[in-house]
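Visitor: Okay, handing you the structure first.
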Amino acid sequence: MDGNASDGDYGDIDWDTEDELEIQGGIVPSSCANVVAPNAEAVVTNGEASSSAGPLNSKLVQDLLGMGFSEQMIAKAIKENEETNTELIVESLLTYKALEESPDELNSVPQQQHSIDNGVGQLSSDYDDNFLDDLSEPLSGSDSEIDEITSSLPKYDKILLSLANMGYSIEEASAAMDRCPEASILELTDFIRAAQMAKADDIFFEEEKPKLSLNEGLKKRKLYELAMRKTKKRKGMLTEEDEVIRLPNPMIGFGTPTHSLVVTHRMLPDEAIGPPFFYYENVALAPKGVWDTISRFLYDVEPEFVDSKYFCAAARKRGYIHNLPINNRFPLLPLPPRTINDALPLTKRWWPQWDKRTKLNCLQTGIGSAKLTDGIRKALEKCRDDHEPPLDVQKCVIEQCRRWNLVWVGKNKLAPLEPDEVEMLLGFPRNHTRGGGISRTDRYKSLGNSFQVDTVAYHLSVLKDIFPNGLNMLSLFSGIGGAEVALHRLGIPLKNVVSVEISEVNRDIVRSWWEQTNQKGNLIHLADVQQLNGDLLEQFMSSFGGFDLVVGGSPCNNLAGSNRVSRDGLQGEHSSLFYQYPRILNLVKFIMKGQQ
């Protein structure tokens, strides 16, 4: 996807395009999920929280986002309560979360996650099998009965239940409350997340965990069941529609510059044959059935799945549906570096032998925090200089490195990529997203949602001989102009470009690039694809004779594997914007046919 949103009606879109992480061709296990919580202490740049004025800029909102609440919920809770009353806000959020879920859920006692030392979160180890048998029946009762039980709990248990609702284990919550008896819920969550991160330094809770008595264990077990009933998380068994599509391996589409297995011919349905040429992109790891639907709406053209790790030093699994020729493609020169050490040579000196990474994972819209990298440094410094870190420490460090694309910048020192480095890895010119009042946060967000220019340019290279004098392009969800940059680097003149992009930040980036590269054509910016109708298209096309290329990458918010909350496919609130692409493409084809 090469789109973004930070304005207007789409300001709450989570544009994170993080792919499932790879380890030697597989998926990264979450063995250290309790070492550093997935949302803990990470600078994540979703929606408008980072750029808009008012309460949504506060640390409170960032903390609440880290707990897993949506921006809409947070805004509603803050509006209904005083912003300074944290307890009321959190209580409202927990109520919203309980009410929005399905009432049928707790059919069996859920198994809690094991932490790295099988300590925190592993309640069952404190009981014998017979005692656990007595607890095998789920907590029963209607929602009103559950609410009545909750309201009658002592204050300590209510807070314990609130923390359990947020996904923390009863043991973690209890330990935090015992150590910080007067702390607010936000302070307690900060403590727990710090302890989770510290666990990598053992890695945390250095004191031996106190054993639970049978009564305490029963009480905590029932509280855990109550928390699960209240949150009613819709996990269940995966259905066929939840499973991702089976992707080719290697993921090279119809070929890459360095791969010998190349396809040079394919048959296109008659309806797909241009003019205009069209090129659509989205995340490859979408729920099963999504790409079938996309293909059906785009004239039954089969998608071309490509991982950008064959073009640069970072993975980026994407599917492309297009009607471009596939023979006589050529890459941009010079070829970009293909390994981390070649792309970032200053890291070679510090790269430990036990970190076997040669490629970065998908470049995201957020980065690992200073607390995370400092915690890793402290953990590694406790190891003897003449010995490698213990395997469990190595495993957790590497998992965080893969998750956040951390690189070695000194002895025991890791750091996230700088925006300039991300620009280089994605094929954009240096400082493409820098300057003009654009924040560092917005740079990461915009880059994380962009095309990988070298990959896209390889596909679009066939247009150079077809349009030697330049082309007219309609760019939908155009983001920071990945397609425009690719065509420019290919030496294809841009005569007229109608760029539709909701984010003012991104429009400013494209406009600045257009001026700095001395483009001779016309750049026309629109904000909303939903407002682009037949009358407006006809005006544009009558003035310069139609479009030669229609490019787009609609929001992947409800498709991406990193979305565990609203991965609703093309029926999702934001990813349903995909349907604007075939609507507009069909209008363009219809108008051009009438002009001939």
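Residue by residue, here is whether (1) in a helix (DSSP H, G or I); (2) among the polar types (S, T, N, Q); (3) at pLDDT 95 or above holds:
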position	(1), (2), (3)
450	no, yes, no
454	yes, no, yes
458	yes, no, yes
486	yes, no, yes
495	no, no, yes
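Visitor: Filter segment 497-545 down to residues that are of a type in the set (Phe, Trp, Tyr) and over 23 Å from residue 434 (Cα atoms) and give me whichever is modelled with the highest pLDDT.
Guide: Taking segment 497-545 and keeping what is of a type in the set (Phe, Trp, Tyr), we get 513-514, 540, 544.
Those still in the list that are over 23 Å from residue 434 (Cα atoms) too: 540, 544.
Details: 540: 93, 544: 90.
Only one residue tops the list, namely 540.
Visitor: Sort through 394, 400 and tell me the only one that's touching a residue at least 40 places away in the same chain (Cβ under 8 Å), among the polar types (S, T, N, Q) and under 23 Å from residue 283 (Cβ atoms).
Guide: Working: 394 fails: under 23 Å from residue 283 (Cβ atoms).
Result of the check over 394, 400: 400.
Visitor: Could you look through segment 518-536, keep only residues that are part of a helix (DSSP H, G or I) and within 23 Å of residue 504 (Cβ to Cβ), and pick out the one that is most open to solvent (accessible area, probe 1.4 Å)? Let's see the steps before the verdict.
Guide: Of the residues in segment 518-536, the ones part of a helix (DSSP H, G or I) are 529-531, 534-536.
Adding the requirement that they be within 23 Å of residue 504 (Cβ to Cβ) leaves 529-531, 536.
Details: 529: 7, 530: 87, 531: 125, 536: 48 Å².
Selected residue: 531.
Visitor: Do we have any residue at all in segment 357-371 that's over 30 Å from residue 296 (Cα atoms), touching a helix residue (DSSP H, G or I) at 6+ places or on another chain (Cβ under 7 Å) and free of Cβ contacts under 8 Å to residues at least 12 places away in the same chain?
Guide: no
Visitor: Still on this structure: If you take the residues in segment 339-368 that are buried (at least 17 other Cβ atoms within 10 Å of the Cβ) and in contact with a Gly (Cβ under 8 Å, 6 or more places away or on another chain), which one is farthest from residue 448 (Cα to Cα)?
Guide: 366
Visitor: Against the condition part of a strand (DSSP E or B) and in contact (Cβ under 8 Å) with a residue 12 or more places away in the chain, how does residue 330 come out, does it pass?
Guide: On the way: part of a strand (DSSP E or B): no; in contact (Cβ under 8 Å) with a residue 12 or more places away in the chain: yes.
For residue 330, the condition - part of a strand (DSSP E or B) and in contact (Cβ under 8 Å) with a residue 12 or more places away in the chain - is not met.
Visitor: Conditions first: (1) out of contact with any strand residue (DSSP E or B) (no Cβ under 9 Å at 6 or more places or on another chain); (2) closer than 30 Å to residue 466 by Cβ. Residue 339 passes all but one, so which condition is the exception?
Guide: Residue 339 satisfies every listed condition except (2).
Visitor: Please determine, by comparing only the residues of segment 524-539 that are within 30 Å of the chain's Cα centre (by Cα) and hydrophobic (A, V, I, L, M, F, W, C), which one is nearest to residue 487 (Cα to Cα). Walk me through how you get there before you give the answer.
Guide: Here is the first cut: in segment 524-539, the ones within 30 Å of the chain's Cα centre (by Cα) are 524-532.
Narrowing the set further to residues that are hydrophobic (A, V, I, L, M, F, W, C) leaves 524, 526-527, 529, 532.
Working: 524: 17, 526: 20, 527: 22, 529: 22, 532: 24 Å.
Per the stated criteria, the residue is 524.
Visitor: Across segment 488-503, what is the number of residues that are surrounded by 23 or more Cβ atoms within 10 Å (Cβ to Cβ) and in contact (Cβ under 8 Å) with a residue 60 or more places away in the chain?
Guide: The qualifying residues number 3.
Visitor: Let me ask something else. When only residues in segment 288-338 that are open to solvent by 20 Å² or more (accessible area, probe 1.4 Å) and among the polar types (S, T, N, Q) count, which is modelled with the lowest pLDDT?
Guide: The selected residue is 293.
Visitor: Looking at (1) part of a helix (DSSP H, G or I); (2) touching an Asp or Glu at 6+ places or on another chain (Cβ under 7 Å), which is the only condition residue 296 fails?
Guide: That leaves (2) as the condition not met.
Visitor: Continuing with the same structure: With (1) within 20 Å of residue 453 (Cβ to Cβ); (2) touching a residue at least 60 places away in the same chain (Cβ under 8 Å); (3) open to solvent by 40 Å² or more (accessible area, probe 1.4 Å) as the list, and residue 506 as the residue in question, which single condition is left unmet?
Guide: (3)
Visitor: Looking at this structure, is residue 561 surrounded by 15 or more Cβ atoms within 10 Å (Cβ to Cβ), at pLDDT below 90 and under 23 Å from residue 466 (Cβ atoms)?
Guide: No, not satisfied.
The values are calculated or read from the model by the stated rules, or taken from the named source; none is laboratory data. Values in this document were obtained by computation on a predicted structure and should not be read as measured data. Cβ atoms come from the backbone with ideal geometry, glycine included; neighbour counts cover every protein chain shown. For accessibility, only protein heavy atoms count, side chains too; no ligands or nucleic acids. Shrake-Rupley method; radii C 1.70, N 1.55, O 1.52, S 1.80 Å.
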